[in-house]
1. Of the peptides 158-169, 137-148, how do they stack up when ordered by the mean number of other Cβ atoms within 10 Å, highest first?
2. Using a Förster radius of 22 Å, what is the FRET efficiency between His204 and Glu282 based on their Cβ-Cβ separation? Nearest 0.05, please.
3. Which of the residue pairs Lys64/Lys224; Lys117/Lys222; Lys99/Lys298; Lys101/Lys298 have a Cα-Cα distance greater than 30 Å in the structure shown?
4. Sticking with the crude label model, points 7 Å out along Cα→Cβ, report the distance from Lys252 to Thr183 in nm, one decimal please.
5. Could the peptides 87-98, 170-181 be put in order, highest first, of the mean number of other beta-carbon atoms found within 10 Å of their residues?
6. For Asp166 and Glu97 in the same chain, what is the full-extension length gain: residue separation times 0.36 nm, less their Cα-Cα distance, in nm?
7. With the crude spin-label approximation of a point 7 Å out along Cα→Cβ, what separation in nm comes out for Asp225 versus Gln244?
8. Taking amide H positions as placed 1.01 Å from N in the peptide plane, with prolines and chain starts having none, which residues 5 or more places from Lys99, or on another chain, fall under 5 Å of its amide H?
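Every number in this text was worked out from the coordinates using simple rules, so none of it is lab data. A quick note: this is a predicted structure, and the numbers were derived from the prediction, not measured. We place every Cβ from the backbone using ideal geometry, glycine too, and count neighbours over all the protein chains shown.
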Amino acid sequence: MPSRIDRKKQKKKGGFLKKTLLFLVILFIAVAGYAAIQYYLGLQQADPSKEMDNNYEFNAPEVKGKYNVLLLGVDAREEDESSRTDTIMIAQYDTDENKAKLVSIMRDSYVEIPGYKNNKINAAFFHGGPELLRQTIKENFDIDIHYYALVDFKGFEQIVDTIAPDGIEMDVEKRMSTNIGVTLQPGVQRLNGKELLGYARFRHDARGDYARVERQQKVVSKVKDEFTSLYGISKLPKVIGTIQPYIDTNMKSFTAIGLAKDVILNKGDIETMKIPVEGGFEETSNSAGSILQLDFEKNSQALKDFLGFDVDTTTITENNNTDEEETEES
């Protein structure tokens, strides 16, 4: 039979457990309430008239472990106009290794577009949305894409201004004047959402699309670093609410939030690469304008090595010398 001292110890221990449980319940309610409020504030901050509701077809294969997501940045035009892709990236997240990788595909890459004549790769989205672009990447590089996320650039501005009200520090290499009404001076400075977008999209210099892709990858890393801070993480629910009208994706909500959370909270660097790779292309021009004529076997092998897949060169298209198509680019 327990002694009086033992009964007192058990009673004290039971009281401590009850208080701990109560504290955890209160903490959970507080966090959930804070998240709900932040999400609502994000929705209020967003412009509902800009909501993207494209409902694109996307015939992606099922996959587990490694997810390849097609990230597309677009300028949403008026209803009677088609949007153009200014940014084409493949983001991969390996759930087993907890690693994130990012591939930028230069929009002047000259490729075969299934059902159409050869053209720059960004023309694939113009003709058939994310699905045709998925087919184009598979046809030319033998890479499967599992999801797509289409983001209006206005949503990017909102994200930056939400997580970094004082701007994000960037070292601007030169004076830049962009077509979105932003003029930047050289030097280290803090850029707000619109300024950072102008920095990422600027391409009117000697290195053209190469420098623009490098800046885009640098901006993605900077935004991710801002998110990994305690302040940035606390703003995640608000960011989700803010960007909701500006994004279209085939990912289910839980999948999208889960992948975003894993990538954002992963403090490791994002590995990056560019397509075409160095020594894997030739700059030339035709009726489509200035183009990059790719060595598809070399680029496909490099892409597979980077993403961690075996390459079957027999499936790689080598038809970059066929008939050309009229120019329909951004």
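1. Values: 158-169: 18.7, 137-148: 21.3.
Highest mean packing first, the order is 137-148, 158-169.
2. Working: r = 22 Å, r/R0 = 1.01.
Taking R0 as 22 Å, the efficiency between His204 and Glu282 is 0.50.
3. Lys117/Lys222
4. 5.2
5. Numbers: 87-98: 17.3, 170-181: 13.3.
Top to bottom by mean Cβ count within 10 Å: 87-98, 170-181.
6. 21.4 nm
7. 3.2
8. Excluding prolines and chain starts, which carry no amide H, the hits are Asp94.
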